[in-house]
Every structure is written in structure tokens, then in C-alpha cells.
Amino acid sequence: MKIYRLSSGVTIDDNGQLYNIPVTDWDQFINDDKLFEKVSSILKSGKATKTDKISDAEILAPIGKQELWACGVTYLRSKVGRQEESKATGGSDFYAKVYEAERPEVFFKSTSHRIVGHNAKVSIRKDSTWDVPEPELTLVVTSSGKIIGYTVGNDMSSRSIEGENPLYLPQAKTYDGCAAVGPCIYVSDKPIDSSSMIYLEISRNNKKVFEGSVGINQMKRKHEELVSFVFRECSFPDGCFIMTGTGIVPGSDFTLHSGDEIKITIDNIGTLINPVR
């Protein structure tokens with residue numbers, strides 16, 4: 001089932017049937033190791049009210065007080081892409097080594113005030129010349145470190161800044177409008193199907209200028225492995241969201257423009273759409 005955080009409340013999509021449910025504190029609501037069981041119980045209890053539709057205008061980013069973290073170089077294509085962008089500055093070995101290392105690349109991405117939701121504008125840095133979206137399966141994790149759901153993530157990235165020097169990663173990754181998550185949280189009584197696909201489509205002036213896809217089973221790291229490294233020596237009182245890396249990397253001849261539309265779809269979850277500011 002899918003959980004939507006709306007400006008008017010919380011709506012559940014249960015196999016196409018929509019229900020409004022009473023939620024007073026979003027952060028407390030999703031920070032629950034038994035979220036799927038809790039929502040299932042609410043639907044069976046008669047406390048849910050059936051509704052006809054969800055308005056796109058009402059959909060909010062499903063992140064509240066949680067921090068957003070991200071992982072890098074978890075797909076082979078990402079490793080190759082990062083090596084290409086940093087080759088001229090001598091940084092390519094870093095990416096080759098982290099792909100094979102026991103310790104993955106994990107980094108703090110953002111707090112919620114720099115993150116947007118479905119249909120809201122993401123940004124590209126004014127001091128960057130090469131910018132791309134990074135479509136990523138994003139884990140919703142409780143304060144105990146349990147994965148209780150999944151959402152679609154767009155990790156906006158300045159390849160020109162990161163490629164100049166790996167130490168510039170925070171500037172390439174964290175800024176206003178640097179990420180989007182949504183449109184919902186997918187919850188189930190079992191992990192997301194490993195055959196699920198991620199699709200990226202970028203349009204400019206109503207014409208498709210890039211498309212790509214990758215299966216989440218192409219990820220080198222296990223989801224639980226990434227969570228374990230994020231949670232080492234870090235506590236998350238409200239839980240956190242973790243982007244798991246990208247396997248779709250546009251070529252060096254492509255960069256985002258203001259006005260582009262980014263559409264990311266992940267099987268079982270849905271489609272996240274964001275125009276570029």
C-alpha cells in the first residue's frame with residue numbers, strides 16, 4: 001500500500017482504494033517499526049474514511065523532521081561515470097576503490113527545508129556548468145534502523161563541481177532545492193521486489209531529451225548494509241531517509257537546463273515529477 005502525506009491530512013492507497021486516516025503527527029506516525037501492520041489495522045478498524053481521489057496539488061514531500069542521507073557508487077554505471085568526470089583532476093581512483101571497499105560511500109544530503117516534493121521545483125547551482133538528476137530508490141528507516149518503506153528520490157548533483165575535486169562533494173550535493181522525494185511512501189509486509197525497475201525521463205520544451213532505466217537488483221550493496229553504515233555512531237530520533245545510489249548516469253554531453261522536467265518512476269512506488277528552477 002501507499003501512504004500519501006497531503007496538505008489536508010494522510011491518505012492511504014490500498015490496491016487502488018483510497019482512504020483518509022486520522023494522523024496528528026506525521027513524524028511520529030511513520031517512525032514505527034510496525035507501520036504496515038498499524039496502517040492495516042486502521043483500515044480494518046473502521047476509522048478510515050473512503051475518498052475518491054488525490055489531488056496532485058495537495059501532495060507534500062513525505063519527509064518531515066527526518067534527515068536525508070545518500071549513498072554513492074553503489075552501481076557499476078555510477079562508478080564509471082564518476083571516474084569519467086574526475087579523470088582530468090586525478091580523482092578517478094577514489095571511486096574505483098570505494099566501489100570495491102567494505103565501507104560504502106555514505107554522506108549527509110539535506111534536512112527537509114532544502115528538499116521538495118512531487119511537482120515542486122528542484123534547483124541547479126548557478127556556479128555549476130554540468131548538472132544531472134540522480135534517480136534513486138530511497139529507504140524510509142525508523143529510529144531503530146528498520147526499513148519500513150520506500151519512496152522515489154531525486155538526488156540533484158553538480159558533476160562539474162564534484163568532478164573538479166572530490167572534497168567539493170558537499171557543495172555539489174547540498175544546496176536549496178537539491179533533492180526531491182515522493183510522491184508517497186510504499187509500505188509492505190515484505191521487502192520491495194528485487195526485480196523492480198527505476199526509469200528516468202527528462203523533457204525539454206515538451207520533447208524527450210534523455211531516458212534510461214536500471215533494475216534495483218543491479219545494486220552492488222544490500223539495503224540493510226547501507227543502513228548499517230549510516231547508523232554507525234549516528235542516532236536518528238525521528239528516523240531517516242536514505243538514498244541508495246543511482247545506476248542511471250547521463251553522458252558528458254548532457255546537462256540540465258532551467259525549465260526541464262524530470263520524471264522518475266520506480267515500480268510499485270509511483271512517479272515523481274519535478275521541473276527545474
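Can you tell me which of (1) in contact with a Leu (Cβ under 8 Å, 6 or more places away or on another chain); (2) surrounded by fewer than 24 Cβ atoms within 10 Å (Cβ to Cβ); (3) closer than 21 Å to Q66 by Cα is the one G145 doesn't meet? If we test G145 against (1) in contact with a Leu (Cβ under 8 Å, 6 or more places away or on another chain); (2) surrounded by fewer than 24 Cβ atoms within 10 Å (Cβ to Cβ); (3) closer than 21 Å to Q66 by Cα, just (1) comes out false. Look at the stretch 259-277: where a residue is within 14 Å of V132 (Cβ to Cβ) and part of a loop (DSSP other than H, G, I, E, B) and a partner is open to solvent by less than 50 Å² (accessible area, probe 1.4 Å) and at pLDDT 95 or above, sitting 6+ places away or on another chain with Cβ atoms under 8 Å, you get D260/I202; D260/S203; D260/P275; D260/V276. Return yes or no: is L169 under 21 Å from F241 (Cβ atoms), part of a strand (DSSP E or B) and not β-branched (V, I, T)? When the stated conditions are applied, L169 does not pass them.
For the stretch 54-79, a residue qualifies if it is more than 15 Å from the chain's Cα centre (by Cα) and part of a strand (DSSP E or B), and exactly one does: I59. Within the stretch 12-38, the residues that satisfy the criterion of being in a loop (DSSP other than H, G, I, E, B) and not small (G, A, S) are N15, P22, V23, T24, D25, N31, D32, D33, K34.
On the basis of being modelled with pLDDT of 95 or more and outside any loop (DSSP other than H, G, I, E, B), does T129 make the cut? Reasoning before the result, please.
Values: modelled with pLDDT of 95 or more: yes; outside any loop (DSSP other than H, G, I, E, B): no.
Against the criterion (modelled with pLDDT of 95 or more and outside any loop (DSSP other than H, G, I, E, B)), T129 does not qualify.
Scoring F210 on the criteria (1) in a strand (DSSP E or B); (2) within 22 Å of D253 (Cα to Cα); (3) in contact with an Asp or Glu (Cβ under 7 Å, 6 or more places away or on another chain) leaves a single failure, condition (3).
Filter the stretch 127-159 for residues that are of a type in the set (S, T, N, Q) and touching a residue at least 60 places away in the same chain (Cβ under 8 Å) and give the result.
The answer is T129, T138, T142, S143, S144, T151, N154.
Considering only residues of the stretch 189-207 that are assigned to a strand (DSSP E or B) and touching a helix residue (DSSP H, G or I) at 6+ places or on another chain (Cβ under 9 Å), which is nearest to E261 (Cα to Cα)? Walk me through how you get there before you give the answer.
If we filter the stretch 189-207 for residues that are assigned to a strand (DSSP E or B), which is where we start, we get 197-204, 207.
Then drop every residue that is not touching a helix residue (DSSP H, G or I) at 6+ places or on another chain (Cβ under 9 Å), which leaves 197-198.
Numbers: M197: 20, I198: 17 Å.
So the residue we want is I198.
Evaluation of K208 against the conditions (1) crowded, with 16+ Cβ neighbours inside 10 Å; (2) without any contact (Cβ under 8 Å) to a residue 12 or more places away in the chain shows that the sole unmet condition is (1).
As a summary of the residue check, I185 satisfies the conditions (1) surrounded by 15 or more Cβ atoms within 10 Å (Cβ to Cβ); (2) farther than 25 Å from Y4 by Cα; (3) not basic (K, R) except for the one numbered (2).
Mind listing just one residue for me: the one in the stretch 89-127 that is more than 27 Å from T271 (Cα to Cα) and among the hydroxyl-bearing types (S, T, Y) and, of those, most open to solvent (accessible area, probe 1.4 Å)? Among residues in the stretch 89-127 that are more than 27 Å from T271 (Cα to Cα) and among the hydroxyl-bearing types (S, T, Y), the one most open to solvent (accessible area, probe 1.4 Å) is T89.
Within the stretch 245-257, the presence of at least one residue that is open to solvent by less than 20 Å² (accessible area, probe 1.4 Å) and of a type in the set (S, T, N, Q) is confirmed.
Results for (1) open to solvent by 20 Å² or more (accessible area, probe 1.4 Å); (2) modelled with pLDDT of 95 or more; (3) touching a helix residue (DSSP H, G or I) at 6+ places or on another chain (Cβ under 9 Å), shown as yes or no for each residue.
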residue	(1), (2), (3)
F29	no, yes, yes
D32	yes, yes, yes
F36	yes, yes, no
S41	yes, yes, no
G46	yes, no, no
A57	yes, yes, no
P62	no, yes, yes
K65	yes, yes, yes
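Considering (1) modelled with pLDDT of 95 or more; (2) out of contact with any His (no Cβ under 6 Å at 6 or more places or on another chain); (3) at negative phi, say which one P183 fails and leave the rest. Tallying (1) modelled with pLDDT of 95 or more; (2) out of contact with any His (no Cβ under 6 Å at 6 or more places or on another chain); (3) at negative phi, P183 fails exactly one: (2).
The values are calculated or read from the model by the stated rules, or taken from the named source; none is laboratory data. Predicted model only: the values in this text are computed from it and were never measured. No Cβ is skipped: glycine too gets one built from the backbone with ideal geometry, and neighbour counts run over all protein chains shown. For the accessible areas, the whole protein counts, side chains as well, though only heavy atoms, and no ligand, DNA or RNA atoms are used. Shrake-Rupley method; radii C 1.70, N 1.55, O 1.52, S 1.80 Å.
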